[in-house]
Each structure stands twice: as C-alpha cells, then as structure tokens.
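Novice: This is the structure I have questions about; it appears just below.
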Amino acid sequence: MPGFHHPLRNGHSQEEVTEIFRRHWDIYRKVVVNDYMSHKAAYGKLRDIITGAFGRPFSFADLACGDAYWSSRCLAGTQVDEYTGIDLSEWALELAEKELDKIRAPRRLITGDFDEFDEYIDSPPDVVWVGLSVHHLPTDEKERFMKKVREALPKDGLFLIYEPIFVEGEDGTTYTGRFEDVVRRNWTGLTPDELETVFDHVRKSDLPELPSKWLSLGRDAGFTTAEAVYTDPTDLYTVFKYSAA
C-alpha cells in the first residue's frame, strides 16, 4: 500500500484497518492523481527492470498491495502469468480485484500482513515487490523480513522496494521536518486537515533508513547484489533492487 495511508498494524483489528483505509482514501486518491509520491516513475522503473530481467512468463508477489492501482498498470502487457496480492484491508483488496482486470493472469488476493507473506505463498515467486511499507518495520525486523524474502525467491528472482530515505546526518525528527517542508510546498491539492493527517501518520509510523543502510540490510539478508535504481526528485523515496544472481 503506497505510503502514508497504510495504517499501523499493531493494535488495530482488521475492521479498524478497513475503516482507517476508508477514511484516508480521498487523500490517497489525490496523492495518486497528482503523482505527489512519484509513483509513476517508480513503477515505470519496476516495469523496465522486470521486463528486462525475464524473457519468459514470471510470477509476481505484491506485498501490501492495497488497491493495486499502480501494480496493475505496471504489469499490463507484460508476461506476468501469476499475481499474488497481500494486504490487511479487505476493502482495498475488493478494489484491487477490479484494477487487476488490466492483466491477463490468474490472481490471488489474500488478507494478511505483508511481512507474513511466507504463510500464504506456496511456490517461490519470481518477483517480490513492496511499495512504501517496509519502512514501517524497525530496523531489525526489516532485516528479518528481507531474509524471509531471500529464502522465498528462486535463484534468479528479484526483490524490489520503494521506500523513504534519510539523507546523511538525518534522524527521524529532521526527516519529518524535511518531509513536511517538501509536502507543504508540493502537495498543493490537499487541504490543511488532509496535510495534518499525512504528517500525523509520518510522525507516528515512518522509520526510514539511509540508502547505505537499505543496501546493507539486503546484503546482510543474503542478497548478492543490492542497488538503488531510482530516487524521486524530492530525495524522499528510492527504489532498491536486490538479487541473488
């Protein structure tokens, strides 16, 4: 699920998660329509990478998939032959079902935590993708999750994430200040109350890492290669690519 509107998992029931998703939906749609979080470029990079890597049909696991708005567009016209989407919000998955009509592949939509994906996936996916959700985990849990992904992937599989980043010398407080400065300047389509909803979420739940840390987490998890392949113009988010090949 892209970014700020994905609710904190701990302490929320499934019904509460769905209600939070509904309340934040209008804000999310404004962010998507205006491309405030550079989804178009990030998913364009994802598409370029997976179409270049696989000259054959491939399976795709979309963790914290939300409504699959961007994933469905990214995968349309590719050789994807199996799609698995996992998210906490049943309501989001109902929307994803419609969005995924854009791809001609069997699909499974599963209600659950993205970091417990291994409980739901029976066969190794060729690609595991997480858009703006791994940063909700503390650092040690990020590495634990990445290790599970590494163990789940085949030898030629790919793991890609799109996540917020610290700049050098930054901590959570200074990152939040930079985020709020960027958003106030650029997210002009949101009302003051909507902006405050975004800021409140980031203050409470965002746990970015330095780019170097995101890369080392992947290597420590067992990936042979780890690289940053796209950073958005605001220097808030980066796509990272990990592989064992």
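The values are calculated or read from the model by the stated rules, or taken from the named source; none is laboratory data. Only a predicted model underlies this, so the values are computations on that prediction, with no experimental measurement involved. Cβ: placed from backbone, ideal geometry, glycine included. Neighbour counts: every protein chain shown. Ligands, DNA and RNA are excluded from the accessible area calculation, which covers all protein heavy atoms including side chains. Shrake-Rupley method; radii C 1.70, N 1.55, O 1.52, S 1.80 Å.
Novice: When the chain is modelled as a GNM with alpha-carbon springs shorter than 10 Å, which of Ile121, Ile161, Ile110 fluctuates the most?
Specialist: Highest fluctuation of the listed residues: Ile121.
Novice: Lys/Arg Cβ at +1, Asp/Glu Cβ at -1, dipole of the range 96-245 taken about the Cα centre: which of Leu195, Pro208, Ile103 is farthest positive-ward?
Specialist: Ile103
Novice: Once both labels are modelled 7 Å past Cα along the beta-carbon direction, what's the Thr139-Asp48 spacing in nm?
Specialist: 3.2 nm
Novice: Please give the contour-minus-distance gain from Arg104 to Glu227: 0.36 nm per residue of separation, less the Cα-Cα distance, rounded to one decimal in nm.
Specialist: Value of the extension gain: 41.2 nm.
Novice: Would you please report the Å³ per residue occupied by the convex hull of the alpha carbon atoms in the range 49-166?
Specialist: 103 Å³
Novice: In whole percent, and with a 1.4 Å probe on the protein chains, what portion of the accessible area of the chain is carbon and sulfur?
Specialist: 47 percent
Novice: Evaluate E = 1/(1 + (r/R0)^6) for Lys148 and Glu180, where r is the Cβ-Cβ distance and R0 equals 41 Å; express this FRET efficiency to the nearest 0.05.
Specialist: Using R0 = 41 Å, I get an efficiency of 0.80.
Novice: Dipole magnitude of the range 148-245 about its Cα centre, charges +1 at Lys/Arg Cβ and -1 at Asp/Glu Cβ only, in debye to the nearest 20?
Specialist: 420 debye
Novice: Something else about it: What is the calculated FRET efficiency for Thr234 to Asp193, with r their C-beta to C-beta distance and R₀ = 30 Å, to the nearest 0.05?
Specialist: Here the calculated transfer efficiency is 0.85.
Novice: Oh, and also: Round to a whole angstrom and tell me the spacing of the C-alpha centers of the range 150-187 and the range 91-146.
Specialist: Measuring centre to centre over Cα atoms gives 18 Å.
Novice: Moving to a separate point now. Taking θ = phi - 60°, what integer Hz values does the Karplus form 6.51 cos²θ - 1.76 cosθ + 1.60 yield along the range 192-200, in sequence order, with x for Gly and Pro?
Specialist: Ordered by residue, 3J(HN,Hα) equals x, 5, 5, 4, 5, 4, 4, 5, 4 Hz.
Novice: Next up: Which one is right for this structure if semi-axes √(5λ) of the Cα gyration tensor in Å is calculated from it: [x] 35, 20, 17; [y] 26, 21, 17; [z] 31, 19, 18?
Specialist: From the options [x] 35, 20, 17; [y] 26, 21, 17; [z] 31, 19, 18, the structure gives [y].
Novice: Taking the Cα centre of the chain as origin, work out the dipole magnitude from +1 charges on Lys and Arg Cβ and -1 charges on Asp and Glu Cβ, in debye rounded to 20.
Specialist: The calculation lands at about 760 debye.
Novice: Treat the range 143-245 as a sphere of radius equal to its Kirkwood radius over Cα pairs and apply Stokes-Einstein at 25 °C in a medium of 0.890 mPa s; give the translational diffusion coefficient in µm²/s, rounded to a whole number.
Specialist: 164 µm²/s
Novice: A follow-up question, please. Can you compute the FRET efficiency between Glu168 and Asp200 using 1/(1 + (r/R0)^6), with r the Cβ-Cβ distance and R0 = 22 Å? Round to the nearest 0.05.
Specialist: 0.25
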